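Here's the structure, in structure tokens; my notes come after.
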Amino acid sequence: MKISFLIHTIYGIGGTIRSTLNLAEELVGRHEVEIVSVFRHRDVPLFPVDPRITLVALVDTRPGSPDSGPDAAPDAAPDGGPDGTAHREPSALMPRHENRYREYSALTDARIGAHYEASDADVVIATRPALVPCLARSAPQNAVLVGQEHMSLGYHRPELVEELLPGLDVLDALVTVSEADAAAWRERLPQPDTRVLAVPNGVPEPVLAPAELREKLVVAAGRISREKQYDTLLTAFARVVAAHPDWRLRLYGWGPDRERVRRVVHRLGLHNNVELMGAAVPMEAEWAKGSVAVSTSRHESFGLTLVEAMRCGLPVISTDCDHGPRTIVTDGDDGLLVPVGDSGAVADALLRLIEDEPLRRRLGGAARTAARRFDTAATAKAYEELLAALGAGPGSRTRPDTTPRPRPFAPVADCATGDDGSLTVRIVEPSAAAMQYPGLRLVCTRADAGSGTDSGTGQAKGRARTGGRKGAKGGPRPRARTGTAGDRTEHVFPFAPDGTAVIPPDAGLSDGQWLCHADDPRTGRRVELTARTVDQRGLLRAGERFARDAAVHHLVPYRDPATHRLTLRSWVRRLHVESADVTLDEHRFTLTGRIHGPVEPAGEPTLVLRRGGDPADEMVFHGTREGTRGFAVTFDGLAVAERREQEDEQWELWLRYSPEQDPVAVGRLLDDVLRKSDVRSYPDVLLHKQRSLLLARRVLRRIRGQDQRLVVLKLAFDDGNRLVLHVRDR
């Protein structure tokens, strides 16, 4: 049969999108499947989509597209597109109390209607109740119409529920993700003959090996919003850090509460232990890095992230909220349930798993076994049984053309990092690729201007830029470049008969970004490798693997978020100073770290702060040596502020590891994060501007209700992951 999913957008990120793709990819092996995305705002979906699934985008909101707004080029759209008025008129079909109502218009009404009036689908599945009225007039006459509820009835505002109920009379079935929510909907639906049932969301079998549970790392994922109660989690984690300062917490996701959560991290003094990672797609490789997964939501209709973590072998801690977690986690068997909003109970559960490794491993193994009941095969079977009971189409629908045709040369690969810093690239599609294409090679080509091999020593040149995109796991899309003399722009590694190629840590890839290609020398075909998964677990202890006298060669593979291509970031430093913890005490910063490279540190280390521009300046602060290669240095932010010449300045941090030696830039490279600037941040230090009669001026401004004039000191990472100190007025 032909099954059509109607979704707000397939080009974003979230549980509904993941669940829709998981189900569609399981069904497409037996049925014809299309996903109709009302909106398209990027070129490629963030999640990989099975090529057998047909994607249809109805309204293209990408900048410059014909549908992007009144400033777009007119194209005589017959449905009232950009040169008409339909995109300015409100939707007559989308419920007015729906959160996304303002995104819909008469244009979306027309596009949805036109698509389904011409559709031959046997089944149409609306992935949110608010989309059902949009289908009421246009769904194919004999099609089975199914609505999905990925939230829950109690989560919706009463006004929206009252507006929704009359429009749901066209449904043949409504599917929720929990039995409790199905019961609630049965009581409210005015049509007693509408079938309401619960089918849990499905999560496929992971392609990576289970989590090893060896890292001192707690992982949480979800939308960064108030209903996830990250304040509760952070308050609990502060207790963990007090007892176990070497444990870290990573929060994955986007959302409107991100900056507020960051402020809570700073207020609790957790800036050395908590990282806001942004969104990661797919999450499987991130779960596999952790040892404990945690969710502190106020409400979960299901709990897809819990199932994902459990399938990767992590023990989970979850609040016992409505409705999903208690249907997923069996307290004490495969995870721990705690009361909603109780930071003390969350802390107790975290400490229990952190301090009891045998318990952690037992619950992790049990979680992996228990989560198999949520496999996508079971979810797809439940849907097929429902659709058959509703009389949906033939049992099997013949595809328009089943004649086997040669598939394009478009290999897909997994990449894994070893503890020694090596990378193993394995082609997973097509299967037996190395046998099909004898002599197949992995070719890495330079993809950016880079900086060449960089020792990180010497005078600072120019001003480093700071900032970075959200989610710092990705990085910008690489651009081709021309190599320079003495700098190889191509490296070749043969694929073994089993489809694997190994890139040694000292393979000679110079500093910069590299694109990975599959190259068939017999035909001359060379294509960029698409990454399915990138397992970076071997990078989490990168700083431990370098010999005392070895230069730094650090390869970080990643899946480019814009293109899904396998890309490498090579860091090459003859000498490198890796920053560690930063402690703040009023206006004093204490920086710790370690020097790597073929040198023997001697004497007292000194921190050099350098201001570029005109006039240039330099300040020196003396520190202490921690062991042979470690150091700790305290510098006074007030003293730096007093040396200001401009309203906004930037000072670079350099370490002179021995007297009379050139200093080395201080940065952070040796882990799995490409860009530190948005993942790891430090609290602002606020100082009053030093002016005559300062106390009198402060009192006067307070009486007048005026803001105090302050100087802000901000320690941050620049685009090259070097530490800089910003000093500016506020």
Quiz item: From the phi of every residue in the range 123-139, what ³J(HN,Hα) in whole Hz does the Karplus formula 6.51 cos²θ - 1.76 cosθ + 1.60 yield, where θ is phi - 60° and glycine or proline is x?
Solution: 9, 10, 10, 8, 7, 8, x, 5, 7, 4, x, 5, 9, 4, 8, 10, 4
Exercise. State the extension gain, in nm to one decimal, for the chain segment bounded by Asp43 and Glu187, taking 0.36 nm per residue of separation less the distance between their alpha-carbons.
Key: 47.6 nm
Quiz item: Tally Lys and Arg at +1 and Asp and Glu at -1 over the other residues with C-beta under 12 Å from the C-beta of Ala496: what net charge comes out?
Solution: +1
Quiz item: Length gain on complete extension for the stretch Leu710 to Glu647, per 0.36 nm per residue less the alpha carbon to alpha carbon distance?
Solution: 21.6 nm
Quiz item: How far is it, in nm, from the label point at Ala639 to the one at Asp729 when both lie 7 Å from their Cα along the line to the Cβ?
Solution: 2.6 nm
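Residues with beta-carbon under 12 Å from that of Gly202, excluding Gly202: net charge, scoring Lys, Arg +1 and Asp, Glu -1?
Combined, the nearby Lys, Arg, Asp and Glu give 0.
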Quiz item: Could you list log10 I(q)/I(0) for the range 576-729 at q = 0.12 Å⁻¹, which the Debye formula gives when each Cα is one point scatterer?
Solution: -0.55
Quiz prompt | Estimated distance in nm for a label pair at Ala114 and Arg100, the labels positioned 7 Å out from Cα along Cα-to-Cβ | solution = 2.0 nm
Quiz item: Which FRET efficiency, nearest 0.05, do Ala602 and Asp419 yield, Cβ-Cβ r, R0 30 Å?
Solution: 0.45
Quiz item: Quick one: Karplus J couplings for the range 570-576, per residue in order, coefficients 6.51, -1.76, 1.60, θ = phi - 60°, nearest Hz, x for Gly and Pro?
Solution: 9, 10, 10, 9, 5, 10, 8
Quiz item: In whole angstrom, how far apart do the alpha carbon centroids of the range 360-376 and the range 240-273 sit?
Solution: 27 Å
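Suppose only helical runs count, i.e. DSSP H with n ≥ 4. What mean residue ellipticity at 222 nm does that imply for the chain under -39500 (n - 2.57) per run, divided by all residues and rounded to the nearest 500 deg cm²/dmol?
On the way: 16 runs with 147 residues, N = 730.
Using -39500 (n - 2.57) per qualifying helix, the result is -5500 deg cm²/dmol.
Compute the signed sum of charges (Lys and Arg +1, Asp and Glu -1) over the other residues within less than 9 Å, Cβ to Cβ, of Leu93. Don't skip to the answer; put the middle values down first.
Numbers: positive: Arg137; negative: Asp109.
Neighbour charge sum, excluding Leu93 itself: 0.
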Practice problem: For the range 2-198, count all C-alpha to C-alpha pairs, find those more than 29 Å apart, and express that count as a whole percent of the total. | Solution: 22 percent
Practice problem: Give, to the nearest whole percent, the P(r) tail of the range 279-341 beyond 19 angstrom, counting all Cα pairs. | Solution: 25 percent
Quiz item: Mind listing the phi-derived Karplus ³J(HN,Hα) values for the range 224-229, rounded to whole Hz, using 6.51, -1.76 and 1.60 with θ = phi - 60°, and x for any glycine or proline?
Solution: 7, 8, 5, 5, 7, 6
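A short reminder: the numbers here are calculations on the coordinates, not readings from a lab. Quick caveat, the model's predicted, so the values are computed rather than measured. Because the Cβ atoms are built from the backbone with ideal geometry, glycine has one as well, and the counts that use them run over all protein chains shown.
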